[in-house]
Structure formats: structure tokens, C-alpha cells
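The values are calculated or read from the model by the stated rules, or taken from the named source; none is laboratory data. Keep in mind it's a predicted model, so treat the numbers as computed, not measured. So basically every Cβ, Gly included, is an ideal-geometry build from the backbone, and we count neighbours across all protein chains shown. The accessibility values were calculated without ligands, DNA or RNA, using every heavy atom of the protein model including side chains. Shrake-Rupley method; radii C 1.70, N 1.55, O 1.52, S 1.80 Å.
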Amino acid sequence: MSQLWSKALHELAPYTPGEQPQDQPYIKLNTNENPYPPSQHVISAINEFDKTRLRRYPDPDSSRLKQALAERYQLSIENVFVGNGSDEVLAVAFAAFFRQSLPLLYPSISYSFYPVFCKLHQIRSIETPLNPDFSIETNSLLQENGGIVIANPNAPTSLALPLSEIERLCSIHPDSVILIDEAYIDFGGESAITLINDYPNLLVIQTFSKSRSLAGMRIGYAMGSRELIDGLDRVKNSFNSYPIDMLAETAALASLEDEDSYQENLKKIINTRQRLSEELKKLGFAVLPSATNFVFTRPPDGNAETLYQSLKNNGILIRYFNLPQIDDYLRISIGTDDEIDQFLSTLTPLIKSGN
Ligand SMILES: *Cc1c(COP(=O)(O)O)cnc(C)c1O
């Protein structure tokens, strides 16, 4: 804290990403990145990019990328917004839509950036409880509100919410923006994009970070009615005119052109997820049915923190959340088959010896 800071800065509670320790090489299964590199087509597009162009500003509207996304999702370009990672798109959306007198609603266990954005934009919020099985309790989202945010599939629980529930919320609350954060949708679950033309209050946010192996490029996007996209543009153009740099746009366009590698990559991760879930169950873990690129699981003795620490001592990083209701669970990102094999061969003796 510093006297030089503005008053509001003292009130912030910044987000802490998963740890990236440098003391030894780790098998990193703690930040839900894609374990596989971007496809050769994407890498070639970046290599072939004419670097002399970098002296110019990029297209402030990222029209080519928006057009490519509109075509892929059968929308019009006016229904698409792009930003520097979906975290930035979320921050813009919170600023655009949720500074209301009524509180924003979101489930109590969800992406931990949502309360951070609320603090940043001074948004009042209510965290609604989950069902005991960790599914989202949509009845608690029926109350009056100034907006609703749902990660679907949810993080870190990995569970998908049926589209019918999202549609119910959109139709019950026509005067609220319903924001669906679909960072993991490509790994399972039903996307709400199909509802966009029916519900002008629905905003769907996705990212190139997870399913498209481009976390390092920072590309996220939102899709919704023209009315909502215009609202996002107003904030964006008051804040950052050029969120997508030229290399990021090049990589994103190449990724959208290469549907085959993308599908193959998804299939591999889903197969590994299945195998990991089964092996964990054999060891006595409770494993939630994942629709994401990670699993959320409870060790047989419930001592998640000790197991997290023992794995870290053995060079494997997973995510432990010291939070009520989930402090006996662990989140394990899906790695390559090799990484998951090494994880399992380190884990098995720890479980059999009681850590
Ligand atoms: C990873 C993640 C994001 C952020 O992704 P970026 O596009 O890399 O900023 C947003 N929401 C959820 C739920 C995530 O897990």
C-alpha cells in the first residue's frame, strides 16, 4: 500500500493466477492450458507474417477476425466483439453492463476473476450457493438482479449446465444481461451461441486460450445482439483502441482455418480426460463428470492439501483451492498422455502409502 495510490486502489483484491514456480522443472497441470502446441498451420502463418508491417497500428476493429468468427458461428459481424484475452472481454462487459443499482448474481463457486472485476468496477454482487453435488442451482438465480454471470462449463467444478436452464434465465430476466463464459465449451457442454438471435440480453464469451492452444497470444471474443456488442465497443473505445495485435490476429485466423487439427486436438484431450478419470476412480477418488480440459476430484481421504504438497515436492503441479466447500478437492488440468502417465505413477504410491 502507498500514499501515492488513489483511494479506490486500496480497495482492490487482485486475481492470483496459478503458480508458475521457476525453482525446478515441473509437470504443469495447474492452469488449464492446452498441453499441445498450436498447429503447424498456425506456426507457419506466424513465421510467414511480414514483420515490416509491425511499424503500423493494427486494424482497430479487427474486422477480418470478427468476420471469420461470424462465419464460423453463423452470425453477422455486428454480433462479434474481440479483445485481448477473454479476461479483457469480461472486464469490458462488467464495465458496460453490470454497474447497476441491483446486484450482479453469480454462483459462489466459479471463476475467481468475477469478484475481482466487481471490486474494480464497484459492482454490488450476490454469490448464490451451488447444489450439494456442485451443480448450479438456477432457482437461486431467479431473484431480481442487475445481471447474471455463469461460467459454462463451470470452473473449477468442470460441470456443464444444460442449455434449457440458460434459456430459462434469459427469458425470465429480459431486462438483465445474462453473460455465459464459455472458456471450456469446446471440451463438452452445449454452447448458448444458438440462442443469440432469440435473446438480445444474452452475451456469450469464448477464448482461443484453451481449446486452440493460444493462451500466450491473448485472444478472446464475445457474441451477442448488436445492442450488446455496441455497448462493449463503447467501453473498448474509451479504453484500448487496438486490443488485438497483428500477430495475434494472424494466429487466430490461421487457427480458424485449420478445423482438422483443432478437432483432433480436442479428441486427444477428451480421451485423456476419460482415462485419467477412470484411473482416479480406481484409486478411490471421487471424480466429477468433466465437460472441460481438467478434472475436479476428491482424494479418498479428503486430504487434498497434503496431496497437493506431496505432488509438488515430486515435481508435479496441480491446483488446490483453500476455500469453503471445495478445500477437500483438487483440480487437475489434462496434460499430454505422457504427463498424465507420470502424474499417475507418482500419485499411485502416495495414495497407497496414505501420502
Ligand atoms: C481461462 C479462463 C478465462 C480466461 O481466458 P483468457 O482468454 O486466457 O483470458 C476466462 N474464464 C474462465 C472460466 C477461464 O477458465
Within the stretch 108-140, the residues that are among the polar types (S, T, N, Q) and either in a helix (DSSP H, G or I) or modelled with pLDDT of 95 or more (or both) are 108, 110, 125, 128, 131, 135, 138, 139, 140
The number of residues in the stretch 254-267 that are open to solvent by less than 90 Å² (accessible area, probe 1.4 Å), of a type in the set (D, E, K, R) and in contact (Cβ under 8 Å) with a residue 12 or more places away in the chain is 1
Confirm whether residue 254 is out of contact with any Phe, Trp or Tyr (no Cβ under 9 Å at 6 or more places or on another chain), among the hydrophobic types (A, V, I, L, M, F, W, C) and part of a helix (DSSP H, G or I). yes
Got at least one residue in the stretch 66-81 being in a loop (DSSP other than H, G, I, E, B), open to solvent by 30 Å² or more (accessible area, probe 1.4 Å) and within 16 Å of the ligand (Cβ to nearest atom)?
no
Given (1) within 14 Å of the ligand (Cβ to nearest atom); (2) out of contact with any helix residue (DSSP H, G or I) (no Cβ under 8 Å at 6 or more places or on another chain), residue 164 misses just (1)
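Which residues, taken from the stretch 89-107, are more than 14 Å from residue 177 (Cβ to Cβ), within 15 Å of the ligand (Cβ to nearest atom) and either assigned to a helix (DSSP H, G or I) or open to solvent by 10 Å² or more (accessible area, probe 1.4 Å) (or both)?
Filtering the stretch 89-107 for residues more than 14 Å from residue 177 (Cβ to Cβ) gives 91, 101, 107.
Retained after the next criterion (residues that are within 15 Å of the ligand (Cβ to nearest atom)): 91, 107.
If the condition is that a residue be more than 14 Å from residue 177 (Cβ to Cβ), within 15 Å of the ligand (Cβ to nearest atom) and either assigned to a helix (DSSP H, G or I) or open to solvent by 10 Å² or more (accessible area, probe 1.4 Å) (or both), then 91 is the only one that fits.
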Within the stretch 21-57, residues being in a loop (DSSP other than H, G, I, E, B), out of contact with any Gly (no Cβ under 8 Å at 6 or more places or on another chain) and surrounded by fewer than 18 Cβ atoms within 10 Å (Cβ to Cβ) number 9
Among the residues of the stretch 311-330, the number that are more than 12 Å from residue 28 (Cα to Cα), surrounded by 17 or more Cβ atoms within 10 Å (Cβ to Cβ) and modelled with pLDDT of 95 or more is 4
So, first residue in a helix (DSSP H, G or I) in the stretch 329-341, second residue of a type outside the set (Asp, Glu) and open to solvent by 20 Å² or more (accessible area, probe 1.4 Å), Cβ within less than 6 Å, six or more apart or across chains; the pairs are 339/27
Item to complete: Would you be able to say whether some residue in the stretch 247-258 is closer than 30 Å to residue 343 by Cα, modelled with pLDDT of 95 or more, among the hydrophobic types (A, V, I, L, M, F, W, C) and more than 16 Å from the ligand (Cβ to nearest atom)?
Response: no
Being farther than 28 Å from residue 158 by Cα, open to solvent by less than 20 Å² (accessible area, probe 1.4 Å) and within 16 Å of the ligand (Cβ to nearest atom) narrows 86, 62 down to just 62
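Identify the residue in the stretch 127-146 that is within 16 Å of the ligand (Cβ to nearest atom) and of a type outside the set (D, E, K, R) and, among all such residues, is surrounded by the fewest Cβ atoms within 10 Å (Cβ to Cβ). Spell out how you get there, then give the answer.
At the first step, the residues of the stretch 127-146 found to be within 16 Å of the ligand (Cβ to nearest atom) are 127, 130, 134, 136.
Keeping just the survivors that are of a type outside the set (D, E, K, R) gives 130, 134, 136.
On the way: 130: 20, 134: 18, 136: 27.
For the stretch 127-146, the residue satisfying everything is 134.
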If you go through 196, 269, 244, the only one that is under 24 Å from residue 153 (Cβ atoms) and within 16 Å of the ligand (Cβ to nearest atom) is 269
Only one of (1) open to solvent by less than 50 Å² (accessible area, probe 1.4 Å); (2) free of Cβ contacts under 8 Å to residues at least 40 places away in the same chain; (3) within 25 Å of residue 229 (Cα to Cα) does not apply to residue 124, and that is (1)
Residue check for residue 110: hydroxyl-bearing (Ser, Thr, Tyr) and surrounded by fewer than 20 Cβ atoms within 10 Å (Cβ to Cβ)
no
Checked the stretch 121-179 for anything within 30 Å of residue 328 (Cβ to Cβ) and polar (S, T, N, Q); matches are 125, 128, 131, 135, 138, 139, 140, 143, 152, 154, 157, 158
